[in-house]
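> Mind having a look at this structure? Questions to follow.
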Amino acid sequence: MNNKISKCLSSTTRLLTAGLFAGLFCLHVPAFADDYTTVNKRVSVESGVVTDEISSVNGRVTVGDNVTADEISSVNGKVLIGNGVNAGEVSTVNGKIEISDDVSVRKSVEAVNGTIKIDAGSNIGEDVSTVNGTISLSEVTVERMVKTINGSIYLTDGTSVKGDIVIGAPNSNKRWNKGWNGRPPKLLIDANSTVDGKIIVYREVEYDFVDSSLMDKVEDRSDES
């Protein structure tokens, strides 16, 4: 009798152990990886991945929802970032950056030749900047500066810039003063958006302010360009 009971208990233990491991494998846990880097092809990262680096040289970078990464970058290619992503920094040299809702970037979002578009609920811990391209921020908080040399800036839907806005640069080439299309760049700030710092311009700018008092923040330094 004792031997039968012992065998029964042993079988039960094996079944319980197998069931426990099966249950653990069914739990949803984020996928971990060292990095997603490539040359001369696209990179696509599925939702929920946790990794150090996502980057491409000569290829598009597409990042799924709720990904966590220290660095997201491309040299020649656009960067597309899904909802709820947590990143250390985001950058591209030649290509646009599009960031979806509720994204957190601890440092800066930077482009050299490309537009930057960031959507609702996102927070940028440092700067948003591009050399040649337009910056569009909708319901975004930027903890420091927003800057472009050759491009327009659009702040809408309650965007908050804690630092300065800068358009142009000292000692820049005067032939760019009219912009790519023969017109000066535009700075649009809607009624619900705010700028805590100064608005520093080194070139001719077209202003579109609902709140006319924002003109008091403008420092025209075009004589330095």
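> With label points built 7 Å along Cα→Cβ from the Cα atoms of residue 106 and residue 52, find their separation and express it in nm.
1.4
> Shifting gears a bit: Can you put 215, 145 in order of accessible area, largest first, using a 1.4 Å probe?
Heavy-atom accessible area, descending, gives 215, 145.
> Between residue 115 and residues 5 or more places away or on another chain, which pairs have amide H atoms under 5 Å apart, with H built 1.01 Å from N, and which residues are they?
Here the answer is 96, 97, 134, since their amide H atoms fall under 5 Å of that of residue 115.
> Further, regarding this structure: How many nm is it between the label spots at residue 183 and residue 219, if each spot is 7 Å from the Cα in line with the beta carbon?
2.9
> Which order do 144, 203 take when ranked by solvent-accessible area (1.4 Å probe, heavy atoms of all protein chains), largest first?
144, 203
> Apply the a/c threshold of 1.5 to the C-alpha gyration tensor of the range 44-197 and tell me whether it is rounded, prolate or oblate.
Judged from the Cα gyration tensor, the range 44-197 comes out oblate (a/c at least 1.5, b/c at or above a/b).
> Any idea of residue 110's accessible area? Nearest 10 Å², probe 1.4 Å.
Surface open to solvent at residue 110 totals about 90 Å².
> Next question, about the same structure. Hey, what do the phi angles of the range 43-50 turn into as Karplus ³J(HN,Hα) couplings, whole Hz, using 6.51/-1.76/1.60 and θ = phi - 60°, x for Gly and Pro?
Here the 3J(HN,Hα) series is 10, 10, 10, 6, 4, x, 6, 10 Hz.
The values are calculated or read from the model by the stated rules, or taken from the named source; none is laboratory data. Predicted, not measured: the structure shown is a model, and the values here were computed from it. Reconstructed Cβ throughout: ideal geometry from the backbone, glycine too, with neighbour counts over all protein chains shown. In case anyone asks, the SASA skips ligands and DNA or RNA and just uses the protein heavy atoms, side chains included. Shrake-Rupley method; radii C 1.70, N 1.55, O 1.52, S 1.80 Å.
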